[in-house]
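Colleague: What follows is a structure written as structure tokens; I'll ask about it next.
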Amino acid sequence: MIDKSLIDAITSYSENMRHNVAFVLGAGEHQKRAELIDFLEKVASATDKIVFDPAQSDDSLPSPISFSVQSLEHGDARNTGIIFSGIPGGHEFTSLILAILQAGGHTLKLDEGIQSIIKRIGQPLNFQTYVSLSCHNCPEVVQALNQFALLNDHISNEMIDGGLFQEQVEANNIQGVPAVFLNGKPFANGKIDTAKLIEKLQDQYPDLLSAPSEDSPALEQQDVTVIGAGPAGVAAAIYTARKGLKVTMVADRIGGQVKDTQDIENLISVPLTTGSHLSSDFEKHLAEYDITIKQHVTVKEISETEDENYRIHLNTGEAFTTRSIILATGAKWRKLGVPGEEENIGQGVAYCPHCDGPFFKGKDVSVIGGGNSGIEAALDLAGIVKHVTVFEFADSLKADQVLINKAKSKANIDIITNAATQEIKATDGKVSAIVYQDRVTGETKTLDLSAVFVQIGLVPNTEFIKGFVDVNRFGEIEIDERCRTDRKGIFACGDVTTVPFKQINIAMGEGSKAALSAFEYLVMQ
């Protein structure tokens with residue numbers, strides 16, 4: 001599970017630790033315990049800054065294959081609240097490494113405003129995060145909650161490998177990951193970023209949305225504030241920074257929807273990359289410039305100031321003024337809006353086939369949508385599940401022909417066009433069938449299955465801006481050929497706008513255009 005290259009990487013990373021950490025095992029016997037001990041011994045062998053004694057155990061930990069990460073600052077052991085139940089390999093290996101580094105004193109990745117919010121929490125928050133080791137979205141949630149635990153002794157987070165704790169998975173009716181429980185009750189399910197975790201906490205504990213502490217430095221007036229960090233937002237931030245302007249970027253995460261994309265084969269000059277790799281490249285490129293980045297933060301409101309500038313109000317309670325704004329908030333998954341969808345999210349209704357597909361191994365599933373994302377999802381699922389049925393509302397598929405050809409070559413993929421989804425049915429809390437109408441004959445049909453993966457496009461993220469700038473009937477921000485909105489000093493770009501063809505290449509170009517327009521506007525003021 002751990003080869004020499006990973007050991008060498010841990011040795012290198014450990015140079016950033018300011019003090020030691022320790023692994024402490026849970027007590028008892030389990031068939032996987034020896035494998036876990038071997039795993040932890042190999043990790044600890046990479047550096048003398050990691051202490052592990054398999055003879056010592058803690059019977060307060062959840063299981064014999066659970067272990068906690070303790071901080072040994074000044075030689076005293078401190079429980080960080082970080083627990084791993086299972087062997088954190090796969091995508092969760094990164095979560096373990098970050099937990100080690102951060103428990104060892106390495107700088108946390110959270111925005112200072114968010115850290116201030118988490119530190120103010122006074123009640124016990126015990127998170128349990130069920131994951132699949134093949135899920136590429138799960139580590140983001142685990143890593144965020146681990147940092148919450150490090151910031152506040154009232155908070156703990158237990159990563160639970162669903163593959164090793166099937167009884168818990170079945171008892172909690174979990175059919176999608178990440179599945180987060182808070183103090184024993186469902187809290188969040190499916191793909192969710194740090195900003196949304198904060199919002200959900202603020203919904204449950206409204207007092208968290210108070211003014212930031214007096215220690216939080218106020219941000220001076222900015223020339224440009226870019227809201228969003230997908231391809232359009234990143235291009236806009238880099239182009240404005242290159243003009244010597246004071247630039248702040250506010251985003252829930254760098255990469256936006258791109259981060260959830262698997263293979264990208266149409267980025268000009270790059271034959272093949274992945275969404276996670278491209279997002280990482282975005283982050284590296286942004287770091288080359290003097291850009292203030294407030295990541296994992298959301299904008300709650302924009303207001304005008306008396307001097308005809310704007311004031312940005314964040315969900316952290318912070319606020320600052322800016323001379324201009326570039327809106328690049330992108331889009332989110334579109335939902336079907338049929339009975340049985342909302343109530344069965346995480347119980348068989350899913351939006352990420354890569355994350356939740358493994359839960360339906362050997363079962364029949366469906367994909368709603370015949371565009372590129374839908375056919376790509378069907379192809380991914382075909383290698384895991386027993387059978388995939390693709391439903392397309394129109395009379396033909398909209399995906400690229402090369403993808404259609406691949407799908408038609410698979411014996412376990414069926415494609416049904418002219419199909420209007422009517423309802424998603426569930427039995428004993430789990431999806432059991434889909435009801436659809438044949439749009440040609442008008443006949444209503446039912447297909448028994450275990451999961452419905454919705455892939456019907458995107459909805460622009462304009463909730464916070466509606467009524468402030470003009471949007472069309474689809475919720476897209478109206479812009480002209482220079483990315484200008486109807487309000488002076490506010491520009492928009494990318495998938496959130498009326499620009500046709502939602503593509504990475506186009507979004508980058510639109511972001512660059514919006515930046516040049518903003519610069520021109522500021523120069524002329």
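Colleague: Given H placed on each backbone N at 1.01 Å, which residues far from Glu301 in sequence or on other chains put an amide H within less than 5 Å of it?
Modeller: Those qualifying (amide H under 5 Å, at least 5 residues apart or on another chain) are His313.
Colleague: Normalise the Cα radius of gyration of the stretch 62-119 by 2.2 N^0.38 Å (N = residues in it) and let me know the number.
Modeller: Against the empirical 2.2 N^0.38 Å value, I get 1.25 for the stretch 62-119.
Colleague: Oh, and also: Can you tally the net charge around Ser132? Count Lys and Arg as +1, Asp and Glu as -1, for every other residue whose Cβ sits under 10 Å from the Cβ of Ser132.
Modeller: Combined, the nearby Lys, Arg, Asp and Glu give -3.
Colleague: Here's something else I'd like to know. Give, as a single signed number, the net charge of other residues whose beta carbon lies under 13 Å from the beta carbon of Lys335, with Lys and Arg counted +1 and Asp and Glu -1.
Modeller: Computed value for this residue: -1.
Colleague: Please compute the Cα-Cα pair-distance distribution of the stretch 326-369 with 10 Å bins starting at 0, giving whole percents from short to long.
Modeller: 20, 49, 21, 8, 1
Colleague: For a quick size check, give me the Cα extents of the stretch 140-257 along its three principal axes, largest first, whole Å.
Modeller: That gives 57, 34, 22 Å along the principal axes, largest extent first.
Colleague: Turning to a different aspect of this structure: P(r) tail for the chain, what percent of Cα pairs lie past 30 Å? Mind dumping the intermediate values first?
Modeller: Numbers: 74055 of 137550 pairs.
Tail fraction, whole percent: 54.
Colleague: Roughly speaking, to the nearest percent, how much of the chain's 1.4 Å accessible area is carbon and sulfur? Before the final figure, lay out the partial values.
Modeller: Details: 11080 of 23270 Å².
Looking at the chain in its full context, I get 48 percent from C and S.
Colleague: Note the per residue figure in Å³ for the convex hull of the C-alpha positions in the stretch 149-213.
Modeller: Value for the stretch 149-213: 110 Å³ per residue.
Colleague: Could you pull out the trypsin sites (Lys or Arg not before Pro) across the stretch 422-513 that fall in loop regions by DSSP (anything but H, G, I, E, B) with no more than 14 other Cβ atoms inside 10 Å?
Modeller: Passing both the DSSP loop test and the Cβ count: Arg439, Arg473, Arg482, Lys488.
Colleague: Right, another one. If you keep only loop residues by DSSP, which chymotrypsin sites (Phe, Trp or Tyr not before Pro) in the stretch 123-157 have at most 14 other Cβ atoms within 10 Å of their Cβ?
Modeller: Loop-located and lightly packed - none at all.
Colleague: Average the reciprocal distances over every distinct pair of alpha-carbons in the stretch 373-444, invert the result, and give the Kirkwood radius in Å.
Modeller: Taking every pair of different Cα atoms in the stretch 373-444, averaging 1/r and inverting gives 13.2 Å.
Colleague: A further question follows. Can you list the lysines whose alpha carbon sits under 20 Å from that of Lys49, skipping same-chain ones fewer than 8 residues off?
Modeller: Once the sequence-local lysines are set aside, what remains near Lys49 is Lys4.
Colleague: Quick one: length gained pulling Leu447 to Lys185 fully straight, 0.36 nm per residue minus the C-alpha distance?
Modeller: Using 0.36 nm per residue and subtracting the Cα-Cα distance, I get 91.1 nm.
Colleague: May I pose another question? Could you work out the relative contact order of the stretch 58-101? I mean the mean sequence separation of Cα pairs under 8 Å and 6+ apart, divided by the number of residues, in percent.
Modeller: RCO, the stretch 58-101: 32 percent.
Colleague: How much area per residue is accessible in the chain when the probe is 1.4 Å and only protein heavy atoms are counted (Å²)? Walk me through the numbers before you get to the answer.
Modeller: Working: 23270 Å² over 525 residues.
Ligands and nucleic acids excluded, the result is 44 Å² per residue.
Colleague: Determine one quarter of the surface area of the Cα convex hull of the stretch 253-340, which equals its mean projected area, and express it in nm² to one decimal. Provide the component values of the computation, followed by the final result.
Modeller: Numbers: hull surface 37.5 nm².
Taking the Cα atoms of the stretch 253-340, their convex hull projects to 9.4 nm² on average.
Colleague: Say each of Ser45 and Thr274 gets a label point 7 Å from the Cα, pointing the same way as Cα to Cβ; how far apart are those two points in nm?
Modeller: Result for the modelled spin labels: 2.7 nm.
Colleague: With no solvent and one equal point scatterer placed on each C-alpha of the stretch 93-161, evaluate the Debye formula and give log10 I(q)/I(0) for q = 0.14, 0.20 Å⁻¹, two decimals.
Modeller: The Cα Debye sum returns log10 ratios of -0.41, -0.82.
Colleague: Moving to a separate point now. Can you give the local net charge around Val402? Use residues other than it whose beta-carbon is closer than 15 angstrom to its beta-carbon, Lys and Arg +1, Asp and Glu -1. Could the numbers behind the result be given before it?
Modeller: Values: positive: Lys398, Lys406, Lys408, Lys410; negative: Asp263, Glu265, Glu376, Asp400.
Summing Lys/Arg as +1 and Asp/Glu as -1 gives 0.
Colleague: Using modelled amide H (1.01 Å from N, peptide plane; none on Pro or chain starts), what sits under 5 Å from the amide H of Phe187, excluding residues fewer than 5 places away?
Modeller: So Phe187 has HN proximity to Val180, Phe181, Leu182.
Colleague: Distances longer than 26 Å among the Cα atoms of the stretch 14-147: what percent of all pairs is that?
Modeller: The proportion of pairs with Cα distances above 26 Å equals 20 percent.
Colleague: Ok, one more. Relative contact order of the chain: what whole-number percent is it, with Cα pairs under 8 angstrom and at least 6 residues apart?
Modeller: 12
Colleague: Of the chain, which part is the longest with no GluC sites (Glu not before Pro) in a loop (DSSP not H, G, I, E, B) and with at most 12 other C-beta atoms within 10 angstrom?
Modeller: 30-213
Colleague: Have a look at the stretch 1-75 and give its Rg and Dmax from the Cα atoms, expressed in angstrom.
Modeller: In order Rg, Dmax, the Cα atoms of the stretch 1-75 give 12.8, 36 Å.
Colleague: Additional query: Are there DSSP H segments in the chain that both extend 27 Å or more along their axis (alpha-carbon positions) and score a mean Kyte-Doolittle hydropathy of at least -1.0? List them, or say none.
Modeller: 504-524
The values are calculated or read from the model by the stated rules, or taken from the named source; none is laboratory data. Everything numeric here is computed off the predicted structure, so don't read it as measured data. Please note: Cβ atoms are built from the backbone with ideal geometry, for glycine as well, and neighbour counts cover all protein chains shown. Just so you know, the surface numbers come from the protein's heavy atoms only, side chains and all, with ligands and any DNA or RNA stripped out. Shrake-Rupley method; radii C 1.70, N 1.55, O 1.52, S 1.80 Å.
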